[in-house]
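Presented below is the structure to which this report refers.
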Amino acid sequence: MQRMLSLEQTPPLGVPLRFFLTAPLFAVAAGLLLLVLGPDALLSRWTPALLALTHLLTLGFLGLIMLGALMQILPVVAGVEIAYPEVTARFSHALITIGAVSLSGGFLSGERWLFQLALATLGLGLFAFLTSCWLGIRGSESNNVTLRAVRLALLSLLITAALGIAMLFSYAANIQRLPLPLTDLHVMWGLGGWIGLLVIAVAYQVVPMFQMTAVYPAVLTRWLAPVIFSALTGVALLMIFFDGVYPLSTVLQVLAAIAYLVFGITSLTLLYRRKRAQREASTLFWYLALASLAACAALYLASLALPAMRQSPSFPLIIGTLFLAGFAFSVTNGMLYKILPFLSWYHLQSRITDRSRKAPNIKQFIPEGLARRQFDGHLLSLVLLLAACLWPEIFTRLAALAFTLSSALLLKNLLGAVQVYRRHETALAETKPAPVPD
Amino acid sequence: MPDPIAINVCGLQPPEPLELVLEALDRLQPGQQLIVTIDREPLPLFRILKQNNYDYTSQLRPDYLYEICIRQND
């Protein structure tokens, strides 16, 4: 008789799960914060309140989910290994959680010790994570397109983190900042580099795999990430050494924006052309995310031709909302509805030693109706957030309430999946294996 | 040598392709081959095969489907 296959020497589910369950708490916190602070938070992109809100989302929600995904789903799905995954996960999760809270607290209160705490924890946590990734990727035999794009995304994270740490250092030590456009570079590398490139890398695998589309065209997967990364590098060098927007810098920005537009349109086309079209919540999240990305890129390109658009104080808020809440948040929200059930199934299957048993149907973990309801909530909150960018007095608190409730519902759905997993895990532990036939 | 087992898992949602391949591997006789036709490169499967001492080859067909040939490592 053949023995059952061992699926994995995978770290326990708790390792990535801690990232996926903590992250929505940050989204809820961001919503509550906006609810309390109200329209004043949206006066400009530089209010301390908005800085706090942004980092609760980028570090707390997006950062934790992306790190959790890199630690587990990429090894399973794309053959990318992280070195010492269990230790790195526990360490970096704890530090980045504390760091995100203290950074936002620092922005809100101005207290220097909070910036110092953020500096120490974020610095250490991100350093540990990046080192672990580098060691893993260096030792990996794989060289698929996802891995190549992941490398560029991680480089972008390194640059973003370094710029952020430099700025934090100046807050923490109360010294004069370097005469460099650090903030603009930090935003550019963080959004256009780290978040954007990582989504692209993961999309190459999870869109065909979980959304049943054809694979991305080879010419796109070969060139898109390197083109974007090179364009950002060019813009950064021009910003640092030439202190202004030269024609070349604008050309490179156009190139990056067009690249993202191409990615958005290609992905939408792949989804539209599926043989078996299913209107699941996760698919709707992808549609929303890609439409937001395309709108964001199109608006950005339009603003390069129409300077009046750029002068409006709402403009950076709209671009930021479309990219963060529309694109990045929707993508990660939707992916969680596929990743968490898949990982739960995978871990349960690996524990089964009795041939007559099977892991539960994957649809049991998160009922489609609940996911769909949460999508509706998220869509509403995005529309309200965009409206709040234009008419903050009327829409800010409504948007904040919708966003808080939607994020809370996401957390509830994820906790439900964990309950299903625990139930089956207990049942497996209690049942004796079937007797082996002679 | 027994005839190979051939399965087609195109168009199925995860984890069904993986489940069907695992079930087919259970039925494999010594020296027998399993040929899997699938519409994307099944990287999670390759990890499992390597870990459980199976040899495999993966080929991209002209119709953009993948053909994976699996046999037990002797």
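Summary of values
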| quantity | calculated |
| --- | --- |
| Of all accessible heavy-atom area on the protein assembly as shown, the percent that carbon and sulfur account for (1.4 Å) | 65 percent |
| Student exercise, chain A dipole from Lys, Arg, Asp, Glu Cβ charges, in Debye to nearest 20 | 980 debye |
| Kirkwood Rh and Cα Rg combined as Rg over Rh, evaluated for chain B | 0.93 |
| Rounded D (µm²/s) - region A:207-275, Kirkwood Rh over Cα pairs, Stokes-Einstein at 4 °C, 1.567 mPa s | 96 µm²/s |
| Heavy-atom accessible area per residue - region A:249-318, 1.4 Å, Å² | 47 Å² |
| CD proxy at 222 nm, helix term only [per DSSP H run n ≥ 4: -39500 (n - 2.57); per residue of chain B; nearest 500] | -8500 deg cm²/dmol |
| Under-5 Å amide H pairs with residue A:140, H placed in peptide plane, nonlocal only | none |
| Cα gyration tensor shape of region A:168-255, rounded if a/c is under 1.5, else prolate or oblate by comparing a/b with b/c | oblate |
| Signed unit charges on C-beta, dipole axis of the protein assembly as shown, positive-most listed residue A:421, A:339, A:377 | A:377 |
| log10 of Debye I(q)/I(0), alpha-carbon scatterers only, for chain A at 0.10, 0.12, 0.14 Å⁻¹ | -0.70, -1.03, -1.44 |
| Phi-based couplings in Hz for region B:44-58 (Karplus 6.51, -1.76, 1.60; Gly and Pro marked x) | x, 5, 4, 4, 5, 4, 4, 5, 10, 6, 9, 8, 8, 10, 10 |
| Probe 1.4 Å, accessible area per residue of region A:116-236, Å² | 40 Å² |
| For the pair A and B, total buried accessible area rounded to nearest 100 Å², probe 1.4 Å | 2400 Å² |
| Gap separating the Cα centres of region A:232-271 and region A:370-400, nearest whole Å | 29 Å |
| Efficiency of FRET between residue B:53 and residue A:394 - r from beta-carbon atoms, R0 56 angstrom, step 0.05 | 0.30 |
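The values are calculated or read from the model by the stated rules, or taken from the named source; none is laboratory data. The model shown is predicted, which means the values in this text are computed figures rather than measured ones. Reconstructed Cβ throughout: ideal geometry from the backbone, glycine too, with neighbour counts over all protein chains shown. Keep in mind that these areas ignore ligands, DNA and RNA; they rest on the heavy atoms of the full protein, side chains included. Shrake-Rupley method; radii C 1.70, N 1.55, O 1.52, S 1.80 Å.
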